[in-house]
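Everything on this sheet refers to the single structure shown next.
Just so you know, all these numbers are worked out from the coordinates, no wet-lab data involved. Values in this document were obtained by computation on a predicted structure and should not be read as measured data. Here Cβ is always computed from backbone atoms with ideal geometry, including for glycine, and neighbour counts include all displayed protein chains.
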């Protein structure tokens, strides 16, 4: 029985009008990987912010014991001094500084008050090797992919002599192989250096893979802590804890199957990178989507799926686009995004905060943004129509908010996603391209989004769904295309497809690329 | 403060009401300090003359700021160049006043389109494009005027800036004061129309079952607005009546308020400032809107240039210096966000009035220009600081202020 490294007792944190944490207890043993799970808004991030001193001592009730001593952290520096390092979901790296500079940001290697560049880069390299990064420490952050940036954050934590590493949804923006690499790293550090980790994640299979214990939070309260050792951990039990009910079926049933009419047809679609115009990001892709059909696009990050979708959507991405695009048998030559919307296309972005929603504006204005014609006469807004429209969509998609005047930035991830989807349904498209529609969304909201997708299909809308979560594609789609390196390498029916088959296709194709 | 908020029907922009209160406080303060001189009929007319062009510039500037916190630094130089151009045409070439004014406006629009092209289509930061313009147009102004001041303008030109509407109804006496009848009639009409429109709107909304504030709050608001408007026109009527430039500014304010709040294009400007990428992916023609914002600013700067030249009765190489800063300050004091997407024409008007009354109030109380500058600078900082701090406390629009940093601090990620 290892000793307890961390004990949080009776933590209660109030925000104006909200009890974000209510008497939460968390015990983490030395050298274990402890997972925190819960729906968005359950209080996971708040709890970790209390622990790391982002919410300073005195702004919450309860006690934190770390290494058997009562802690009163006032800033994040206080907690880092004790070896508690938190890595946030949105990475805190400066894009135009080098890896080495980022590694020691706020903790600079210096000699006589000046930066010691040799030590900076030498030490940076040491830490980078520990996490398996082979890059030059002088590389700028902007030139690294998300997966490597995430690893770098861990290296940065190591440079701070981390003892307790907190990771807030570390894999949410990684593809499966990068995610796996990261999780393996955590396991290795646990084994070799005895580093204790707390990991927040929505991905149940990952938790099952790394976690020794799983604490489930719901509505700011601890529901239970499950131990891997005593075989208590099952997906059903975790989900039940998170949502407070049994989720018999994670994917809602759809009765109606697609009709034979082809809605969207893309032929020999090739797109080049907008800056590096010799790089082909989409390479001769052909695909079809029928009316009322949900078609998935599987692939690793960087396979060209988003690029394909955005280039189809009125050339929103890419250069030197070639190929034909047909809708209902008629060829479309789209001149831009407004043209694409007019022709009944919709692209629902994977990055809802970055390029999906106007966070500082109301739900009402966001929902109506893509289709002003429905709420205006000759360019003059009809505010009654706007309000009615927004309220109708709020109810239809059950967006949880007091009024549609509320700022979108104040909603939870799931509700934000519903606003985003609502905006595009409001635009009355025939073909919807959904890019990672459930990223960063909790289990309950996921189910609701699936239901929305099914409803759309039942209304004979055609849906092209890009997702990095294979189970989701398998559960939702009638057909799945597998993309790799800009090309479609396989097309599978619902019956043929399985996680193993899809991954196998990708691995084979990647191997081929290396071999060539 | 909360009680106050509820009294006004909840869900309002405290900041804007705060600035109204600040304006009232400043007016009262200088009114008392100058033992009423501030409210003297001639002085009130003067305040209008002194600030009309700032208001006109602030309208254009607000739209630029809305598109993403961009500012146009060149407007002061455009004011000077347009003034020099019409001065040259009217005074030297004896050109027809209206034709010359038309050419002046076209010049402003052309300059605006020049900026818009570089900013929207080549994507050079507005700050740099307009900084370049600031130097170029000032240089051209001096060239055009050969470093000299042109004067005087014919009365036909001046009447649009320093003139008054003719009294069509004749004078009459009220409370022993001689009043311009037409001016009072205009004031009463404005109040009557406002009240009727507001009440009809209120009723319509209630009938259709939408959330409406308390009727009492609306009536209180209308009474206050009515009283202020009537008082203003009463004071103006005691002098020479309605200044022509007030009509011009009033029409521009109405048109642009309608444009920003009730048209699709206006809505799109807010979306562009709020999140450009999201707006673009929603089919908003972001480049076109950016172009429009600067072209429009150029046109309004030309209008301000005409008004200012007519008021000074001269075209001077030094005209319009620091006007861009007054206009920018007016927008920020009036609650516009330095990141774009937030701000109203009404706010910019209040901001311009705060600066204008500060100027005038300090001047008539004999406070020197150097002190005036210090005070105005501090007021600008104070107003924006209030904005930032009040937003932090409500933690609502903090998203746009702190952006990612804030998200990392976990305020959003519950």
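Among B:61, A:130, which comes first, second and so on when ranked by fewest other beta-carbon atoms within 10 Å?
A:130, B:61
I'd like the distance between the alpha-carbon centres of the stretch B:227-243 and the stretch A:400-437, rounded to an integer number of Å.
50 Å
Show log10 I(q)/I(0) for the stretch B:31-96 at q = 0.12, 0.15, 0.17 Å⁻¹, two decimals, from a solvent-free Debye sum over equal Cα scatterers.
Those come out to -0.56, -0.75, -0.83, one per q.
Would you mind estimating how fast the stretch A:4-243 diffuses translationally, via Stokes-Einstein at 20 °C and 1.002 mPa s with the Kirkwood radius over Cα pairs, in µm²/s?
Numbers: Rh = 18.4 Å.
It comes out at roughly 116 µm²/s.
How much mean residue ellipticity at 222 nm does chain A get from its helices, if each DSSP H run of length 4 or more adds -39500 (n - 2.57) and you divide by all residues, to the nearest 500 deg cm²/dmol?
Helix contribution divided over all residues of chain A: -10000 deg cm²/dmol.
Subtract the Cα-Cα distance of residue A:27 and residue A:351 from 0.36 nm times their separation in residues, and report this length gain in nm to one decimal.
Length difference between fully extended and current span is 113.2 nm.
Can you compute the FRET efficiency between residue B:220 and residue A:240 using 1/(1 + (r/R0)^6), with r the Cβ-Cβ distance and R0 = 56 Å? Round to the nearest 0.05.
The computed FRET efficiency comes out at 0.55.
For residue A:455 and residue A:9 in one chain, what is 0.36 nm times their gap in residues minus the Cα-Cα distance, to one decimal in nm?
This chain segment gains 156.1 nm when fully extended.
How crowded by other chains is B:268-280, given as the mean number of beta carbons from other chains within 10 Å of each beta carbon?
Counting other chains' Cβ atoms within 10 Å and averaging over B:268-280 gives 6.
Expressed as cubic angstrom per residue, what is the convex hull volume of the alpha carbon set of the stretch A:322-429?
Numbers: hull volume 13.1 nm³, N = 108.
Convex hull of Cα atoms, per residue: 121 Å³.
Please figure out what share of the DSSP beta bridges in the stretch A:4-243 is antiparallel and state it in percent, rounded to the nearest 5.
Around 60 percent antiparallel, to the nearest 5.
Summarise the partner chain shielding of A:324-337 as one whole number: the mean count of Cβ atoms from other chains within 10 Å of each residue's Cβ.
Details: counts 0, 0, 0, 0, 0, 0, 0, 0, 0, 0, 0, 0, 3, 8.
Mean number of neighbouring Cβ atoms from other chains: 1.
Taking the convex hull of the alpha carbon atoms in chain B, what volume per residue do you get, in Å³?
171 Å³
In chain A, how does Rg compare with the Kirkwood Rh, expressed as the Rg/Rh ratio over alpha carbon atoms?
Rounded to two decimals, Rg over Rh is 0.98.
Among DSSP beta bridges lying fully in the protein assembly as shown, give the percent that are antiparallel, nearest 5.
60 percent
Give me the inter-chain shielding for A:361-370: mean count of other chain Cβ atoms within 10 Å, whole number please.
Partner Cβ neighbours, averaged per residue: 4.
Relative to a virtual label point 7 Å from the Cα of residue B:211 in the Cα→beta-carbon direction, which members of the stretch A:347-380 show backbone nitrogen distances below 14 Å?
Backbone N within reach: A:362-365.
How tilted is helix A:176-193 with respect to the longest principal axis of chain A? Cα atoms for both, answer in degrees (0 to 90, nearest 10).
10 degrees
In whole angstrom, and with the biggest value first, how far do the Cα coordinates of the stretch A:18-157 range along each principal axis?
So the three principal-axis extents are 48, 36, 29 Å.
How large is log10 of I(q)/I(0) for the stretch A:350-495 at q = 0.20 Å⁻¹ when the intensity is taken from the Debye formula with one equal scatterer per alpha-carbon?
Each listed q maps to, in turn, -1.24.
What distance in nm separates the two pseudo spin-label positions at residue A:208 and residue B:322, each 7 Å out from Cα along the beta-carbon direction?
Going by the 7 Å Cα→Cβ label model, 7.1 nm.
Just to be sure I understand the model, the point goes 7 Å from the Cα along the line to the Cβ. What's the resulting residue B:40 to residue A:118 distance in nm?
Taking the two extended label points, one gets 7.8 nm.
Going by average Cβ density within 10 Å per residue, which order do the peptides B:304-310, B:267-273 take, highest to lowest?
Peptide ranking by packing, descending: B:304-310, B:267-273.
Kindly express, to the nearest 10 degrees and within the range 0 to 90, the angle between helix A:413-426's C-alpha long axis and the longest C-alpha principal axis of chain A.
Rounded to the nearest ten degrees, it is 10.
Could you please state, rounded to a whole Å, how far the C-alpha centre of the stretch A:458-487 is from the C-alpha centre of the stretch A:267-305?
Cα centres, the stretch A:458-487 to the stretch A:267-305: 13 Å.
With the calculation restricted to Cα positions, what are the radius of gyration and Dmax of the stretch B:164-242 in angstrom?
When restricted to Cα atoms, the stretch B:164-242 yields Rg and Dmax of 16.0, 49 Å.
Below 8 Å, C-alpha to C-alpha, sequence gap of six or more: please give me the relative contact order for chain B in percent.
Details: 634 pairs, mean separation 136.7, N = 414.
RCO, chain B: 33 percent.
How high is the FRET efficiency from residue A:382 to residue A:224, r the C-beta distance, R0 41 Å, rounded to 0.05? Before the final figure, lay out the partial values.
On the way: r = 52 Å, r/R0 = 1.26.
So, using R0 = 41 Å, E works out to roughly 0.20.
I need B:212, A:312, A:216, B:75 ordered by Cβ neighbour count within 10 Å, fewest first.
B:212, A:216, A:312, B:75
Mean 1/r over all different Cα pairs, inverted: what Kirkwood radius does the stretch A:112-233 give, in Å?
Details: mean 1/r = 0.0624 Å⁻¹.
After inverting the mean inverse Cα-Cα distance, the result is 16.0 Å.
Taking the Cβ of each residue in A:59, A:270 as the centre, tally the other Cβ atoms inside 10 Å and list the residues starting with the fewest.
Ordered by Cβ neighbours within 10 Å, fewest first: A:59, A:270.
Over all alpha-carbon pairs in the protein assembly as shown, figure out the percentage whose distance exceeds 58 Å.
19 percent
Under the rule of -39500 (n - 2.57) per DSSP H run of 4 or more residues, summed and divided by the residues of chain B, what mean residue ellipticity at 222 nm is obtained, to the nearest 500 deg cm²/dmol?
On the way: 17 runs with 295 residues, N = 414.
Computed ellipticity for chain B at 222 nm equals -24000 deg cm²/dmol.
Between the stretch B:256-288 and the stretch B:173-223, how far is it from one alpha carbon centroid to the other, in angstrom?
31 Å
Viscosity 1.306 mPa s, temperature 10 °C: what is the translational diffusion coefficient of the stretch B:245-351 from Stokes-Einstein with a Kirkwood Rh over Cα pairs, rounded to a whole number of µm²/s?
104 µm²/s
Return the FRET efficiency for the residue pair residue B:124, residue A:261: r is the Cβ-Cβ distance, R0 is 41 Å, and the value is rounded to the nearest 0.05.
Values: r = 48 Å, r/R0 = 1.17.
The calculated FRET efficiency here is 0.30.
Given the peptides B:316-329, B:274-287, arrange them by the average over their residues of other C-beta atoms within 10 Å, most packed first.
Numbers: B:316-329: 21.5, B:274-287: 23.1.
The packing order, highest mean first, is B:274-287, B:316-329.
Between helix A:499-515 and chain A, what is the angle of the helix's C-alpha long axis to the longest principal axis, kept within 0 to 90° and rounded to the nearest 10?
For helix A:499-515, the angle is close to 90 degrees.
Give me the Å³ per residue figure for the convex hull around the C-alpha atoms of the stretch A:271-397. Display every interim value, and only then the final one.
Values: hull volume 19.7 nm³, N = 127.
Taking only Cα atoms, the stretch A:271-397 has a hull volume of 155 Å³ per residue.
Taking the convex hull of the Cα atoms, report for the stretch A:415-495 its projected area averaged over all directions, in nm².
5.8 nm²
So, in nm, how far is label residue B:227 from label residue B:373 when the simple model puts each one 7 Å beyond its Cα toward the Cβ?
About 3.9 nm separates the two model spin labels.
Taking the Cα of residue A:405, stepping 7 Å toward and past its beta carbon, and measuring to each backbone N in the stretch B:208-232: which are under 11 Å?
B:211-214
Provide the packing ranking of A:319-329, A:458-468, B:116-126, i.e. peptides ordered by the mean count of other C-beta atoms within 10 Å per residue, highest first.
Order by mean packing, descending: A:458-468, B:116-126, A:319-329.
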